[in-house]
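Take a look at the structure set out below.
The values are calculated or read from the model by the stated rules, or taken from the named source; none is laboratory data. These figures come from a predicted structure and were not determined experimentally. For neighbour counting, all protein chains shown are included, and Cβ atoms are generated from backbone atoms with ideal geometry for every residue, glycine included. SASA here: full protein model, heavy atoms, side chains in, ligands and nucleic acids out. Shrake-Rupley method; radii C 1.70, N 1.55, O 1.52, S 1.80 Å.
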Amino acid sequence: MTKIKVLIVDDSAVVRQVLTANLSQDPGIEVIGAASDPVFAMAKMAAQWPDVIVLDVEMPRMDGITFLKKLMAERPTPVVICSTLTEKGAETTMQALAAGAVSIVTKPKVGLKQFLQDDSESLVTAVKAAARANLRRLTASAALPVQAKLTADAILPASSHAMAETTDRVVAIGTSTGGTQALEVVLTALPRVCPGIVIVQHMPEKFTGAFADRLNKLCQIEVREAVNGDRVLPGLALIAQGGRHMLLKRSGAHYRVEIVDGPPVSRHRPSVDVLFRSVAKCAGKNALGIIMTGMGDDGAKGLKEMHDMGARTVGQDEDSCVVYGMPKEAAKLGAVNGELPLARIAGEIVAYGGGR
């Protein structure tokens, strides 16, 4: 088996040491070097090019954003951002994701060494997902095996019925690796008048608010981080908070969201499976479910439940996915009515809102 070659770029010697030790424990990963800033990194990369770069954003001589843009312009390479878990740094991290980074691994300012050691599994998963990322949307490689995990039963019991069709429609979207860029493509293409949207994007806490704010500035529709009790309205997209699950609830004649704590489901919190199950349960055929780029299978079972309750369901196609994992698993379950390229998903939402 060919190992994934990783280069770590971070100005903290402790971070470089801990990340190197954690990643090196996985038999499928080889850390080929570590650098204290992008200038040193480029010298190392001239000798051996990595498959994945784990990159800090605030460094001397050249910041991570500048380095990332240079990298993507000259030789696109999967990058995992290793960023401090603060609201202050969240906007910078969003810029990195917009510039082409694949995903985020968080680090606190206090208790750094212990945190990184305890959270080594998510780091390894992020690196493996990045190694499979199709930055140029070429054919993705075969999905990695999916490990046993909690299902949506841990948060919400399954339902055997749903409401009759109404004129009040809702769109539910689930995505992971590559989803920040994909959601930007979809949401910025929507007109101001479109169905209400609820979204789970796998992302750590404290970053979803900055992500929503960034999209809100770019879109005609309103985009914001969901707050418990928010009503789902036409022309509004609600993004689940990082670190908490989001469910759709029916409140009289309206839909609202409920934000709840609970264990990770399908290894994620928020979980797409949890959102999709709640949509199946309370919206049934009044919903459109969309599963987009991402590693693993979170959302596949929930989308199947939506499909079985009469909802229209769509998967992003392989050619346009950064990682064709979640849509592939959904398709294998018979959960999708069909697949669409990323560029056509906004049109599908508009057409659905028009009653198609």
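Neighbours of Val6, meaning other residues whose beta-carbon lies under 13 angstrom from its beta-carbon, give a summed charge of +1 when Lys and Arg score +1 and Asp and Glu score -1. For the range 13-90, the list of GluC sites (Glu not before Pro) that fall in a loop by DSSP and count at most 15 other C-beta atoms within 10 angstrom reads Glu58.
Sparsely packed loop sites in the range 176-271 (the trypsin sites (Lys or Arg not before Pro) outside DSSP H, G, I, E and B with at most 11 other Cβ atoms within 10 Å) comprise Arg192.
Were the residues from Glu30 through Val227 laid out at 0.36 nm apart, the gain over their Cα-Cα distance would be 66.8 nm.
With R₀ set to 45 Å, the beta-carbon distance separating Thr188 from Thr2 gives a calculated FRET efficiency near 0.75. Here the range 193-312 is treated as an ellipsoid with the same Cα gyration tensor; its semi-axes, largest first and in whole Å, are 19, 18, 13. Taken over the Cα atoms of the chain, the convex hull encloses 124 Å³ per residue. Of the whole protein surface, Ser251 contributes about 50 Å² of accessible area at a 1.4 Å probe radius. Taking 0.36 nm per residue of sequence separation and removing the Cα-Cα distance, the Thr66/Asn337 pair yields an extension gain of 93.4 nm. Among Ser271, Ser122, the order of accessible area from largest down is Ser122, Ser271, computed with a 1.4 Å probe on protein heavy atoms.
In degrees, nearest 10, range 0 to 90: what is the angle between the Cα axis of helix 87-98 and the longest Cα principal axis of the chain? So the helix axis and the longest Cα principal axis differ by about 90 degrees.
Here the range 226-265 was treated as a single set of alpha-carbon atoms; its pair distances binned every 10 Å from 0 give 30, 53, 16, 1 percent. From helices alone, the chain scores -10500 deg cm²/dmol at 222 nm; the rule is -39500 (n - 2.57) for each run of n ≥ 4 DSSP H residues, then divide by the residue total. With every protein chain in place and a 1.4 angstrom probe, the accessible-area ranking of His245, His202, His307, largest first, reads His307, His202, His245.
Look at the dipole of the chain built from charges on Cβ: of Tyr324, Ala172, Thr106, the Cα furthest out on the positive end belongs to Ala172.
Taking a ≥ b ≥ c as the square roots of the eigenvalues of the alpha-carbon gyration tensor, the range 1-46 is classed oblate because a/c is 1.5 or more while a/b is no larger than b/c. Annotation: the antiparallel percentage among DSSP beta bridges lying fully within the chain is about 15. What separates the Cα centres of the range 1-69 and the range 217-245 is a distance of 35 Å. I need the trypsin sites (Lys or Arg not before Pro) found in the range 45-74, filtered to DSSP loop residues with at most 15 other beta carbons within 10 Å of theirs. Sites meeting the loop and neighbour criteria: Arg61.
For the range 15-77, the spherically averaged projection of the C-alpha convex hull amounts to 4.3 nm².
What you get for the range 276-356, charging only the Cβ of Lys and Arg (+1) and of Asp and Glu (-1), is a dipole of about 360 debye around the Cα centre. What the Cα atoms of the range 259-331 give is an Rg and a Dmax of 11.9, 35 Å. Charges were assigned to the Cβ only: +1 to each Lys and Arg, -1 to each Asp and Glu. The resulting dipole of the chain about its Cα centre is roughly 340 debye. Note on Gln220 and Glu74: the model spin-label points, each 7 Å out from Cα along the C-beta direction, lie 4.0 nm apart.
Note on the chain: dipole from Cβ charges, positive end direction compared against Leu333, Pro78, His202; the farthest Cα belongs to Leu333.
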